[in-house]
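The values are calculated or read from the model by the stated rules, or taken from the named source; none is laboratory data. Since the structure is predicted, the reported quantities are computational estimates derived from the model, not experimental observations. Quick reminder, even Gly has a Cβ in these numbers, built from the backbone with ideal geometry, and neighbours come from all protein chains shown. Quick note on the areas: whole protein, heavy atoms, side chains included, nothing else; ligands and nucleic acids left out. Shrake-Rupley method; radii C 1.70, N 1.55, O 1.52, S 1.80 Å.
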There are 2 protein chains.
Amino acid sequence: MTRRRPGSRLAGLFACILIGAFPMSSWSDEGMWLLNEPPTARLQEKYQFALTPQWLEHAQLASIRFNSGGSASFVSPDGLIITNHHVGSDFLQKLSTAQDDLLKNGFYAPTREQERKCPDLEINILQSIQDVTDRVNAAVKPEMAAAEAFAARRAVISAIEKESLDATGLRSDVVTLYQGAVYHLYRYRKYTDVRLVFAPESEIASFGGDVDNFEYPRHSLDICFFRAYDNNQPVKPPHWLKWSTTGPTADDVVFVTGHPGTTNRLETVAKLRHRRDVTLPYTLNRLRAAEAALLQFGERDPANARIAQSALHRVANARKAFSGQFQGLLDPAILRQKLQSELALAQSPKLTAADRAELAKAIEAIETAQKTLAPMEVEFSLLERGDAFASELFAHARMLVRLASESTKPNAERLREFRESNLESLRLSLFSDAPIEKELERVRLQQSLTFLAEQLGGGSPLVVKILSGKSIPARVEELLNGSKLFDAAERKRLADGGAKAIDDSRDEMILLARLIDPEARAVRKRYETEVEEPERQGYAALAKARFTVYGREVAPDATFTLRLAYGRTIGYQVDGVDLPFHTTFGSLFEKAERLQFREPFNLPERWKQGKAKLDLAVPFNFVSTADTIGGNSGSPVLNRAGEFIGINFDRNRHGLVRNFVYTDVQARHIAVHSAGILEVLRKLYDCPALIAEITGGK
Amino acid sequence: MTRRRPGSRLAGLFACILIGAFPMSSWSDEGMWLLNEPPTARLQEKYQFALTPQWLEHAQLASIRFNSGGSASFVSPDGLIITNHHVGSDFLQKLSTAQDDLLKNGFYAPTREQERKCPDLEINILQSIQDVTDRVNAAVKPEMAAAEAFAARRAVISAIEKESLDATGLRSDVVTLYQGAVYHLYRYRKYTDVRLVFAPESEIASFGGDVDNFEYPRHSLDICFFRAYDNNQPVKPPHWLKWSTTGPTADDVVFVTGHPGTTNRLETVAKLRHRRDVTLPYTLNRLRAAEAALLQFGERDPANARIAQSALHRVANARKAFSGQFQGLLDPAILRQKLQSELALAQSPKLTAADRAELAKAIEAIETAQKTLAPMEVEFSLLERGDAFASELFAHARMLVRLASESTKPNAERLREFRESNLESLRLSLFSDAPIEKELERVRLQQSLTFLAEQLGGGSPLVVKILSGKSIPARVEELLNGSKLFDAAERKRLADGGAKAIDDSRDEMILLARLIDPEARAVRKRYETEVEEPERQGYAALAKARFTVYGREVAPDATFTLRLAYGRTIGYQVDGVDLPFHTTFGSLFEKAERLQFREPFNLPERWKQGKAKLDLAVPFNFVSTADTIGGNSGSPVLNRAGEFIGINFDRNRHGLVRNFVYTDVQARHIAVHSAGILEVLRKLYDCPALIAEITGGK
């Protein structure tokens, strides 16, 4: 390997820890970089790539955020969008019926008229970033108590967002970076008329299912095409990605622009220990309970399986991701390195004595916040995050109950999700006419209320109050039969009716949401004041010390905002076996045949029958070292020319510790290859218009 | 319904609570009755059936306990045994290889020579029962402290068992009844040479899989035939059950003789609350974690699925059973009734003031024991019950480590499982040459060590000690690669070598078992002294009050010893729909076809091809009101003539609360019909010798 630069110490260290030693290392490819603080120098030095403002603007404006939790990009001048099948699957399910199962059978709209509008989907395209750190910090005075500081910060952020919305008409979000050291205002163009164009069958979209999830070699056509509309016309985006018909070859430099959700790399050891000992054990228990209930429900019959599929995938995916995180935090090597880097920072000669004292205080404050958090976290998660009420009806009911009271308050004083600048997005989801499946509501609500009782005890006052003298199944029937919130018009009526409509309502779900609101708000208030605020202040001080010592050599943790990552297309070794950087259609068929096409390794009939038509040597999936995490699903992979060469959809199991440390020894993200997509669209799917559109008629 | 007898109050009350009111009721069919305290009067009155000593002796001597956890019976003069497929499946799996999968394909031995011997299976046939309560109680003096009392009782019990073994050569177990009020000595004839004769394919044995488990209507051929040998000759049992070729019809009185495992009907409200708030939430979390790991492992490929199948079934079955228990305890109606019956007892005019004071003290002592138990239960379960080490190798290692030290102590002072009278059974399992699958060991050990860390925290001294500086996967590799306990000969060598061999051993599993033995023994000691002993004394006092007020109208809770239950073959209603008392082959095919033969509703080819050969009107499964619980799996169902009319294999979901309350409104046990078995053996399976044997050549 080549030389190591001063300043890259942290990155280099993280890159090596999984091999347990400290060999010399080049710059690693770590980093989910801010678009306004791009890794220009690194790219020049390591890959001799000149990252121009034009390249960045092109990538930024062609990149899309799916607010439902994923990434995407424009791939035609007529607003055609590509994302992952597993990002689109929520909408595929909402558009499906028992007679017309788009998840199972796939979908293609040969004409614009046949495209199907998705209920309650909002997509965002980042237009600009503005640093508002000084204004935010000016509003929070050092002498303020935690509750006051929290309120002051929330107020100034809501004001900035509202002003920006009023001035530009753009969705405006203030984003907290470095856990509280930096605040940026992100402005987005948003579209809410998004229509389905193409989806493959889920058997090939998620070939290998839960077994292959987070594994490589991989063989998934995890893609889905949509089209954005505005005023009933296809959007004409100023930038869209040209489709590379060849895609990447070995050892290419590649770029990923997407919206990584959450990483925890800059967290203190105390916070990570808290995750290991409190948050993750609870979370894993919760996810396994939900997954078991959904699996059993889905097995009962094919109709259940269809309506549970996307909830099940989400839960199973989270369970696997968090299991990997938990194993990572149990690995003594990882926490040891975290501790060493915390010590190294504290002992840096670049810090003054005063800096050091401030840093020590900050680290201690974060540790104290964890001790405060531990006894309240389960209640916070159950009541306020809603783990006890896994129900769309309940989510709507709570939104309605709170909307009625919050919207009468000044903008500055509202719970954050009810700030003026967010109300339009909130209403989009509240008034969605997507069907709510009663059978699925029943199983999820029974399961989550049971989990509540497991956590708090059947005799706890809260459980007794919620069940109101009934068994869980009986109470769930009462809630479901006594609610009209299945109907979007009824939700609209209640929202429009304000506090009086809510007060007068005898809807069982509204009553439940009102019943627990005092406790839920109380625990949220304690969480915000006693945990969130001290953490934020602590991390701001910690980041200040990091900036002094390392500058901005380390990108901020992921925040579901647009980031640029880069890496190389290169395979890796497992147990001495070389895994190539890409798979092929040939290796897909080998695997399916070896596993006798048993679920989850079955293939759609179209594929089984069409094998002979395919060039089996064409690449299907590929990996690179670029730094990604959940939320990056659907991110375009670009080449030096800014062309679309693939679409990220996963990372391998070695990448599951990426929440805490980046390593490029074995960890890889996984993408579908642009040439592979073209090959199957051409040979197996009868979709000439789609092919013409993405290849520019070639 | 007919009249209600005085004295049946408790039973009647339990029978009614699920319909929420107190209608007049006849005697219910509640009760898992001791063979030496049979319900003769009840049977006479309710069913005009004269239960003779001859009938009882016949049923007792034809009934068999599978020590692996189930029931069975002799059905031919040549030692032929019938039990459930899911009771035999452990052995089917041990006898299977990748090339010869007996679970999947089934098995039939047309000749004696082709029967296959099961590794480490011990079966017991009850020969006699003797009341030893006075001798046990005499050994425990009122003035003894808890630890002393516990030791004294253990000593006298071990002595009684050893004397009986020496005197009779029979396996001799002292059984605790009424949670500590009564002690009976059970003597068993035992056989350890048991050979597989016939098993159907698991697709039909457990048709409907986890989905249909604990559900009705049901369609499972959950049967398996074995043969007992002694001195290499088939056993000639003095009693065996004649096969009824017609089986039961509607509204017949039927009997079940089997070995129900555990019920909790006589436990106090405080104990039940402890189960609800501590034991069951932990247990459900544990089971779901294990089930998820096994499911994911099994999905990876067919070889995994085969070796994990029986562990997976066990875990999934337990998860479903405990989920039902948990829902039952969350139902306010159930605990309310329990509380009322506790109050009714306390206020009974049949008790003197002194009796009442003693009763109150007992109930309080049991409650105090729960408070003591709560903070230690998780550690007790993880370390001593072995939840943290789900590994056959570990179980062997612990057995070896403890055998070396326990066997040097006087019989009276040993841990109970090392008492002289049990050593032979213990060695049978320790030296079993059943294969231990390394892949399965790996996944179970990783999963259970992960669960340990979830429960105690990654930084707990015990976890740190057990992982010894490694990640969980690395530590598991070290344990598996560093152990020779896969080899029965090595286990034998270590057992024969005594303490020195154990001290000298560098086997990683032995070292692990030794590493945690002090903590495990310490928590067991605390459990025995601070929980088990006070509970036992409390329940003895409670039972005394019950006997005073109600006599022996209520059978003791289940203890995995032979019991007699009885009931009627009668259907029930669910949501207004009548479910008949039996299903048919016709309804089997309807269901499989409606669910498109998708797993778990697929049928073996033999069945699909053979549909036309079957009389579709023949009964397949049936239900009755007889009182059963887990452990009753494989119990014969008998008619008035003492003939075999079916084999119990499950209960329905309404029966899941039977641990706490009996009800006959909807709760039913489920059995395979003797005529249905004959029908398929004759029409689908080519097994003339087997048919001739069970029908006496008819």
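Worth pointing out:
- Filter result for the condition that a residue is basic (Lys, Arg), modelled with pLDDT of 95 or more and over 29 Å from the mean Cα position of the chain (by Cα), over B:ARG526, B:ARG521, B:ARG506: B:ARG506
- Residue in the range B:436-446 that is under 15 Å from B:ILE307 (Cβ atoms), open to solvent by 30 Å² or more (accessible area, probe 1.4 Å), more than 14 Å from chain A (Cβ to nearest Cβ) and at pLDDT below 95 present: no
For every residue, the table says whether it meets (1) on the phi < 0 side of the Ramachandran plot; (2) among the β-branched types (Val, Ile, Thr).
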position	(1), (2)
A:LEU562	yes, no
A:GLY571	yes, no
A:LEU579	yes, no
A:GLN596	no, no
A:PHE601	yes, no
A:TRP607	yes, no
A:SER633	yes, no
A:ILE645	yes, yes
A:ASN648	yes, no
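- Meets criteria (assigned to a loop (DSSP other than H, G, I, E, B), touching a residue at least 24 places away in the same chain (Cβ under 8 Å), assigned by TED's automatic domain parsing to the domain that holds B:SER202 and open to solvent by less than 10 Å² (accessible area, probe 1.4 Å)) for B:PRO248: yes
- Qualifying residue in the range B:294-303 (condition: facing another protein chain (nearest Cβ under 10 Å), buried (at least 22 other Cβ atoms within 10 Å of the Cβ) and closer than 21 Å to A:LEU295 by Cβ): yes
- Condition met for B:ALA495 (within 30 Å of B:LEU170 (Cβ to Cβ), within 31 Å of the chain's Cα centre (by Cα), surrounded by 15 or more Cβ atoms within 10 Å (Cβ to Cβ) and not β-branched (Val, Ile, Thr)): yes
- For the range B:110-122, the condition holds for at least one residue, the condition being that it is β-branched (Val, Ile, Thr), over 20 Å from B:ILE647 (Cβ atoms) and at pLDDT 95 or above.
- Verdict on B:LEU284 being more than 9 Å from chain A (Cβ to nearest Cβ), part of a helix (DSSP H, G or I) and out of contact with any His (no Cβ under 8 Å at 6 or more places or on another chain): no
- Within the range A:211-238, the only residue that satisfies the criterion of being without any contact (Cβ under 8 Å) to a residue 12 or more places away in the chain and either within 21 Å of the chain's Cα centre (by Cα) or in a loop (DSSP other than H, G, I, E, B) (or both) is A:ASN231.
- If you filter the range B:313-341 down to residues that are more than 10 Å from every other protein chain (Cβ to nearest Cβ), of a type outside the set (S, T, N, Q) and open to solvent by 40 Å² or more (accessible area, probe 1.4 Å), you find that the one that is farthest from the chain's Cα centre (by Cα) is B:LEU339.
- Qualifying residue in the range B:351-366 (condition: open to solvent by 20 Å² or more (accessible area, probe 1.4 Å), more than 28 Å from A:GLY459 (Cα to Cα), hydrophobic (A, V, I, L, M, F, W, C) and at the interface with another protein chain (Cβ under 9 Å from one of its Cβ atoms)): no
- Subset of the range A:191-210 (residues that are within 14 Å of chain B (Cβ to nearest Cβ) and within 21 Å of the chain's Cα centre (by Cα)): A:SER206, A:GLY209, A:ASP210
- Look at (1) surrounded by fewer than 20 Cβ atoms within 10 Å (Cβ to Cβ); (2) within 19 Å of the chain's Cα centre (by Cα); (3) of a type in the set (Ser, Thr, Tyr); (4) within 14 Å of chain A (Cβ to nearest Cβ) and you find that B:THR262 fails only one, number (4).
- Candidates are the residues of the range A:449-485 that are open to solvent by less than 10 Å² (accessible area, probe 1.4 Å) and within 10 Å of A:ALA388 (Cβ to Cβ); the one that is nearest to the other protein chains (Cβ to nearest Cβ) is A:ALA453.
- Search result, residues across the range B:108-121 that are in contact (Cβ under 8 Å) with a residue 60 or more places away in the chain and either open to solvent by less than 70 Å² (accessible area, probe 1.4 Å) or out of contact with any strand residue (DSSP E or B) (no Cβ under 8 Å at 6 or more places or on another chain) (or both): B:TYR108, B:ALA109, B:PRO110, B:THR111, B:GLU115, B:CYS118, B:PRO119, B:ASP120, B:LEU121
- Yes/no for A:ARG273 being surrounded by fewer than 21 Cβ atoms within 10 Å (Cβ to Cβ), more than 13 Å from every other protein chain (Cβ to nearest Cβ) and part of a helix (DSSP H, G or I): no
- Residue in the range A:412-423 that is more than 23 Å from the chain's Cα centre (by Cα) and within 14 Å of chain B (Cβ to nearest Cβ) present: no
- Yes/no for A:LEU241 being part of a loop (DSSP other than H, G, I, E, B), under 21 Å from the mean Cα position of the chain (by Cα) and among the hydrophobic types (A, V, I, L, M, F, W, C): no
- Checklist (1) within 14 Å of another protein chain (Cβ to nearest Cβ); (2) touching a Leu at 6+ places or on another chain (Cβ under 8 Å); (3) open to solvent by 10 Å² or more (accessible area, probe 1.4 Å) applied to A:ALA289, failing item: (3)
- The range A:393-414, subset open to solvent by 20 Å² or more (accessible area, probe 1.4 Å) and not small (Gly, Ala, Ser), residue nearest to A:ALA167 (Cα to Cα): A:ASN411
- Helices (runs of 4 or more DSSP H) contained in the range A:42-107 and holding at least 3 residues out of contact with any Cys (no Cβ under 9 Å at 6 or more places or on another chain), surrounded by fewer than 21 Cβ atoms within 10 Å (Cβ to Cβ) and at pLDDT 95 or above: A:53-62
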